[in-house]
1. Would you please give the residues with an amide H less than 5 Å from that of PHE103, counting only those at least 5 places away or on a separate chain, with H modeled from the backbone geometry?
2. Roughly how many nanometres apart are two label points built 7 Å out from the Cα toward the Cβ at GLU68 and ALA94?
3. May I ask you to compute the full-extension gain from LEU41 to ALA105, defined as 0.36 nm times their residue separation minus their alpha-carbon distance, rounded to one decimal in nm?
4. In 10 Å bins starting at 0, how do the alpha-carbon pair distances of the stretch 49-108 split up by percent?
5. Using θ = phi - 60° and the Karplus form 6.51 cos²θ - 1.76 cosθ + 1.60, what ³J(HN,Hα) does each residue of the stretch 44-54 get, whole Hz, x for Gly and Pro?
6. For the pair SER50/LEU78, report the inter-label distance in nm, with labels modelled 7 Å from Cα in the Cβ direction.
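We did not get these values from a lab; they are worked out from the coordinates using the rules stated. Values in this document were obtained by computation on a predicted structure and should not be read as measured data. Note: ideal-geometry Cβ built from the backbone for every residue, glycine included; neighbour counts use all protein chains shown.
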Amino acid sequence: MHRSPPSDQGTAPAADVGRGGALAGADDPERSADEESRERLLRRAVAGLSEKNREVLLLKEIQGLTLEEVASLLGLPLGTVKSRSSRARLELAARIRKLDPSFGAGAP
């Protein structure tokens, strides 16, 4: 299945995420320090992922590809991509907790 490119309405290109794009609150020049801190934490955590996990995570979560599209693009079996996607999310959560043990402490 091939997805058509997303429209420009309401979405920021993946290259803009983390640099004034969707996550950065481009419409609000006075972002809170908490938002900036969370963004830096997320970028550091993603950068520290294994290459295989980072690749799948970015294609799926940032580029918005389906698991099937990621599998096709990378030339991998769907089951492998599903496993890597799951491991990537677990690895990301662990890296975030390691970088900032207080992150999510107030969450229910």
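1. Placed amide hydrogens put nothing under 5 Å from PHE103.
2. Modelled inter-label distance: 3.1 nm.
3. Extending this stretch completely gives an extra 21.6 nm.
4. Calculated over all Cα pairs of the stretch 49-108, the distribution is 24, 45, 22, 9, 0 percent.
5. Coupling constants for the stretch 44-54: 5, 5, 5, 4, x, 5, 4, 4, 4, 5, 4 Hz.
6. Those two pseudo-labels are separated by 2.3 nm.
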